[in-house]
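Engineer: The structure follows.
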Amino acid sequence: MRKQLIVFSTLLLFGASSMVSCNGGEKKTPKEEVKTDVYTCPMKCNNGQTYDKPGKCTECEMDLEKVTKS
Ligand SMILES: [Zn+2]
């Protein structure tokens, strides 16, 4: 019975230390904000509708302008 207790406590210690080292290895990775570019018609068609892909306005067929959200 005693052996089991020792094994259990060593496992517990090992587990705890490995958890700590795991946390230490995981350095803070700053969340990089993914800038999502949107495109909008220079004529602000459809109340300045934005598109997530470059292209042409569906209303006036003008080239869409890139809008960088901040
Ligand atoms: Zn347009």
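Engineer: Checking the cross-link filter: which lysines have an alpha carbon closer than 28 Å to that of Lys31, excluding same-chain neighbours under 8 positions apart?
Structural biologist: List returned: Lys53, Lys66, Lys69.
Engineer: Under a straight-distance cross-link criterion of Cα-Cα below 18 Å, which aspartates and glutamates are reachable from Lys35, leaving out those fewer than 8 residues away in the same chain?
Structural biologist: Reachable aspartates and glutamates: Asp52, Glu65.
Engineer: Length gain on complete extension for the stretch Thr58 to Lys27, per 0.36 nm per residue less the alpha carbon to alpha carbon distance?
Structural biologist: Value of the extension gain: 6.5 nm.
Bear in mind these aren't lab numbers, they're just calculated from the coordinates by the rules spelled out. In this text the structure is predicted, and so the values were computed from the model without any measurement.
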